[in-house]
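Here is the structure we will look at, set down as structure tokens.
The values are calculated or read from the model by the stated rules, or taken from the named source; none is laboratory data. Note that the coordinates shown come from a computational prediction; the quantities given were computed from them, not determined experimentally. Using ideal geometry, Cβ is built from the backbone for each residue, glycine included, and neighbour counts are taken over all protein chains shown. Protein only, heavy atoms only, side chains kept; ligands, DNA and RNA dropped before computing areas. Shrake-Rupley method; radii C 1.70, N 1.55, O 1.52, S 1.80 Å.
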Amino acid sequence: MASHKKLFGTNGIRGVPRKDLTLEFFLEMAQSIGEHFGAVKVMLGHDGRTSSPTLARAVSGGLMSVGCNVVFLGLVPTPALQYAVKKSDAGGGIMITASHNPPEYNGIKVISTDGVEIPREDETKIESIYYEKSYKLKDYEHVGTKTIKDDIVGSYIEAILSHVDVDKIRKRALKIVIDVGNGVQALAVPKVLDALGCKTLALNIEIDGSFPGRGSEPNPQTLEGLSRAVREFGADVGVGFDGDGDRSVFCDDNGTVEHGDRSCALLVDHCLSKDPKRSVVTNIATSQVIDLIATKKGSEVIRTRVGSVDVSRRILKTDSLVGLEENGGFFYAPHMPVRDGAMATALMLELLSSRDQSLSALFSALPKLHQKKLKYHRSKEDISRILKEVSRQAEGKTKDTTDGIKVWESDTTWVLIRPSGTEPIVRLFAESDVADTLDRTVDRYVEIIQRFEESAKAE
Ligand code: MG
């Protein structure tokens, strides 16, 4: 088979409509996905991006033309669509979203019957159908139907509430600030908080595809408004969501926005207290704080490639309790083994209601670790030369090549050099318990990466 450009990236298909991804692309991709699913019921939802309703029509038409019956959910958070697919007799789902990307982007996430994004091998199968145009268009007697179902958010909210101790949380009447960043979690999380008896202050709550509030990516820079509001409101906790509502980034009562792996570490600790000894899944780039927390609870940490589908699928395979990513993605398997920003928020509130400490005190009690994250633009060829050189220099040290190359310089200092799945970029992640050691280690690896830029210039 001829080798084709990969269409699926780390997390579904992404691009800029009209520039990278045409309307015809969405139509033909939907036909390919429909062909892969077979003539089954497919749930279709979309985020609040301005291009989403148009693309939803193209995707809907594509699915129906190959015999799929479309159940159109309209505007929904990604995890709500995943929950609806899992709970129904649908043969699959499609979410039109570009998650946290800028407003001009859009994309497709493909969901299988279990509510989890399809496995990597199914992505390859769909790409083959797309490139070979091997989907079969149905005649007028066999084209699919379209029905509208716009009431799925209620059962999604009920499902979240069924996994936490509602009475206990209500008794604490916790104060929370949420920043949904004009994203679709606005449809669900305020109702979850209402049911949990919280006093809520909501920022950027209007769904708006141009993301005028603070953009669609939650991070310490974009969440300055959240941090300020938490201090002014005297809140116990703050949380910011990404554009499609599957990721949550937390801020403590002092207004400090924490990295996803640290807030997830607290959630891991809490979930393992409820259900001890179960394993934890995370990718190779997250902090060793997870191992330190899980080991204390007698649990194993399983590492995967970077990508939420890799974490989800491994949770299923190993019957793990939770999963996490350093970007604030938290997977609670008893609900569903996928990222869900509203579920993570409910668990954080349950954690706060079961401890007598503030969130800032809980963060302070976590092991202190220093991290660095850098990225460099390099050609594909240079990236493979860099990886080769890193591997050569790391001879004799503990290495992990699950995704890129991770080198353990000591028991508590590691460096990961990882090529991006979608762009000509190489990323460097490093962590150590000693700041000086981290700096010296990073300098050595940066020197290797920079050497290849010089060789490129010299040619
Ligand atoms: Mg997302």
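Here is how the numbers come out for the structure above:
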read-out	value
Test result for GLY183, farther than 22 Å from MET336 by Cα and open to solvent by less than 40 Å² (accessible area, probe 1.4 Å)	no
Residues located in the range 115-162, provided they are under 17 Å from MET64 (Cβ atoms) and either in a helix (DSSP H, G or I) or without any contact (Cβ under 8 Å) to a residue 12 or more places away in the chain (or both)	ILE129, ASP139, TYR140, GLU141
Inter-residue pairs, beta-carbon under 7 Å, first assigned to a helix (DSSP H, G or I) and in the range 218-247, second within 16 Å of the ligand (Cβ to nearest atom) and open to solvent by less than 10 Å² (accessible area, probe 1.4 Å), 6+ apart	GLY225/ASP179; LEU226/ASP179; LEU226/GLY240
Subset of the range 230-242 that is away from the ligand (no atom under 16 Å from the Cβ) and under 20 Å from GLU206 (Cβ atoms) - its residue that is surrounded by the most Cβ atoms within 10 Å (Cβ to Cβ)	GLY238
Filter result (under 12 Å from ASP242 (Cα atoms) and either in a strand (DSSP E or B) or charged (D, E, K, R) (or both)) within the range 187-217	ARG214, GLU217
Counted residues, the range 313-371 - those being within 16 Å of the ligand (Cβ to nearest atom) and either of a type in the set (Gly, Ala, Ser) or open to solvent by 50 Å² or more (accessible area, probe 1.4 Å) (or both)	7
Residues (exposed (fewer than 15 other Cβ atoms within 10 Å of the Cβ) and modelled with pLDDT of 90 or more) located in the range 409-425	SER410, ASP411, ILE425
Test: residue in the range 246-257 that is modelled with pLDDT under 95 and farther than 27 Å from ALA173 by Cβ	no
Only one of SER51, SER60 that is farther than 23 Å from THR422 by Cα and out of contact with any Gly (no Cβ under 7 Å at 6 or more places or on another chain)	SER60
Unmet requirement for ARG303, which otherwise passes all of (1) assigned to a helix (DSSP H, G or I); (2) of a type in the set (D, E, K, R); (3) more than 28 Å from VAL230 (Cα to Cα)	(1)
Single match in GLY225, GLY245 (criterion: open to solvent by less than 10 Å² (accessible area, probe 1.4 Å) and either within 16 Å of the ligand (Cβ to nearest atom) or of a type outside the set (A, V, I, L, M, F, W, C) (or both))	GLY245
Count of residues meeting criterion [under 16 Å from PRO367 (Cα atoms) and not in a helix (DSSP H, G or I)] in the range 253-295	5
Elements of type helices (runs of 4 or more DSSP H) in the range 1-98, at least 1 residues being open to solvent by 10 Å² or more (accessible area, probe 1.4 Å) and out of contact with any Ser or Thr (no Cβ under 8 Å at 6 or more places or on another chain)	23-37, 52-65
Considering residues of the range 248-286 that are over 18 Å from LEU351 (Cα atoms), among the polar types (S, T, N, Q) and within 16 Å of the chain's Cα centre (by Cα) only, the residue surrounded by the most Cβ atoms within 10 Å (Cβ to Cβ)	THR282
Identity of the residue in the range 16-50, at negative phi, among the small types (Gly, Ala, Ser) and more than 16 Å from the ligand (Cβ to nearest atom), that ends up modelled with the lowest pLDDT	ALA39
Conditions (1) modelled with pLDDT of 95 or more; (2) of a type outside the set (Asp, Glu); (3) loosely packed, with under 14 Cβ neighbours inside 10 Å; (4) touching a Phe, Trp or Tyr at 6+ places or on another chain (Cβ under 9 Å); number of the one not met by LEU428	(3)
Among residues of the range 99-122, those that are more than 13 Å from the ligand (Cβ to nearest atom) and open to solvent by 10 Å² or more (accessible area, probe 1.4 Å), counted	10
